[in-house]
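Written below as structure tokens is the structure these notes are about.
The values are calculated or read from the model by the stated rules, or taken from the named source; none is laboratory data. What you see is a predicted model, and the numbers here were worked out from it, not measured in a lab. Quick reminder, even Gly has a Cβ in these numbers, built from the backbone with ideal geometry, and neighbours come from all protein chains shown.
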Amino acid sequence: MAQSSSLPGRERPDIMKRLSVFIAIILSPGMLLPVLMRGLAEAWSADAPVSTPVCTAGGVQMLPAIVSDGSGGAIISWVDYRNPDICDVFAQRLDSARVPQWTADGVYVCTSDMGEHAMTSDGSGGAIIVGQHLLKDRWAVYAQRVDPSGAPQWTAGGVVVATAASRPTVISDGSGGAVVSWHESIYEGIGDYRYKIRLQRVNAAGVSLWVADGVHVCTTGLDDHVMIGDGLGEVIVTWQEGPDCTFDIHAQQLDSAGTPEWGTAGVAVCTSPKFQHSPVTVGDGSGGAIIAWSDVRAGQEVNVCAQHLDSAGVPQWTANGVVVSGDAGLTTMIGAGSGGVIIAWLTELDNRQNSESDLRTSLLTCVPVLRMYPAGLHSWTF
């Protein structure tokens, strides 16, 4: 059957003004399917004159983070310099009508030197926010929970999650608490550092549940790592490691008690020649994960590659991953249901002046535009 040349929206220029067209790849556990993605119009205006100000306090506000409040609204946190020479973290909640719910210009959460902070939902309309601050001349990671009314639930200024720690990230543990990760720097000579990646779980009351210094997952030459949770306290951590810029991709799973489940050193996701970096990870819904990364395995070209690990950490696709796209990098990914993902990347177009980067998909609000024919699945292109 011939593919229709009449595409939804082409007859309606007014609709097309509100829709953007993007190319994407869906990776399912068993196959790769090209699809066309359409970005839907955002519910809230992006025009500055009609957008909702979250904070207009004096000084500088920067580095915002955002999570859902579970009721159609959002909680936004940011780094705030309204107090000179002090780097604080503030937060505000907007309801589904964009109306601020907390104190004007936000509530104080904690002090976070260098602006490092991250946030996750607590699953009850509030949020858990982590930051770093000097404690006795050493970096320490703090965490604070705010309830739906914006009231801090833990110690004023946050509870100490780890000392000798920086660059925190956080995900929900599915029980009102969170799993926090950070890196611990190890000085090995002038300009030479390695990093221990550690994790700690805190419960809904802010009490640490795992070993005092956090669970040591790996030691690596770079501090990049990502983690995802299953909502039951288990986490999968992905990182890059290796000597002399020959980085490989590795992963480890910890159970809800912080016990490694994929061996003591984790599993190798990709050990191709040269180097792999910048992994991103999405759960497959069955205790495993799909991992994508930037890969220089052939010449100087950067590829986007991906691998599926099952719940035991066993690779399910081609050894060292499938190549999703060549001449591409800066990968991001979201779940697409049924264990699959939508993966996006940047690539260079030869017919663009000045080698402008072309974003190959949008993942804000999108729906696939697909048709099923007797001969199989097809996609539209423009």
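The figures follow:
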item	result
Residue in segment 183-197 that is surrounded by 24 or more Cβ atoms within 10 Å (Cβ to Cβ), β-branched (V, I, T) and within 16 Å of T220 (Cα to Cα) present	yes
Any hit, segment 355-363, residues being modelled with pLDDT under 70 and closer than 23 Å to G231 by Cα	yes
Qualifying residue in segment 279-291 (condition: over 22 Å from G337 (Cα atoms), out of contact with any Pro (no Cβ under 7 Å at 6 or more places or on another chain) and in contact (Cβ under 8 Å) with a residue 40 or more places away in the chain)	no
Single residue of V280, V304, V267 found to be touching a strand residue (DSSP E or B) at 6+ places or on another chain (Cβ under 7 Å) and modelled with pLDDT under 90	V304
Extreme residue, nearest to C305 (Cα to Cα), among residues of segment 260-276 that are among the aliphatic types (A, V, I, L, M) and assigned to a strand (DSSP E or B)	V269
Contacts under 9 angstrom Cβ, first residue in segment 305-318 being in contact (Cβ under 8 Å) with a residue 24 or more places away in the chain and at positive phi, partner of a type outside the set (K, R) and part of a loop (DSSP other than H, G, I, E, B), 6 or more apart	G313/E261; G313/W262; G313/G263; G313/G266; G313/G288
Residue within segment 145-163 that is under 22 Å from the mean Cα position of the chain (by Cα) and surrounded by fewer than 24 Cβ atoms within 10 Å (Cβ to Cβ) present	no
Checking L232 against (1) farther than 23 Å from G176 by Cα; (2) in contact with a Gly (Cβ under 7 Å, 6 or more places away or on another chain), the condition it does not meet	(1)
Single condition G177 does not satisfy, out of (1) farther than 21 Å from G313 by Cβ; (2) under 23 Å from the mean Cα position of the chain (by Cα); (3) at pLDDT below 90	(3)
First in segment 60-72 and on the phi > 0 side of the Ramachandran plot, second anywhere and surrounded by 15 or more Cβ atoms within 10 Å (Cβ to Cβ) and assigned to a loop (DSSP other than H, G, I, E, B), Cβ under 9 Å, 6 or more apart	L63/E116; G70/G123; G70/G125; G70/P148
Of the criteria (1) exposed (fewer than 15 other Cβ atoms within 10 Å of the Cβ); (2) outside any strand (DSSP E or B); (3) at pLDDT below 90; (4) not small (G, A, S), which one P29 fails	(1)
Residues of segment 319-328 satisfying the condition of being at pLDDT 90 or above and either of a type in the set (S, T, Y) or over 17 Å from W239 (Cα atoms) (or both)	A319
Cross-chain or 6+ apart pairs with Cβ under 6 Å, segment 79-104 first and among the small types (G, A, S), then modelled with pLDDT of 95 or more and assigned to a loop (DSSP other than H, G, I, E, B)	A91/G106
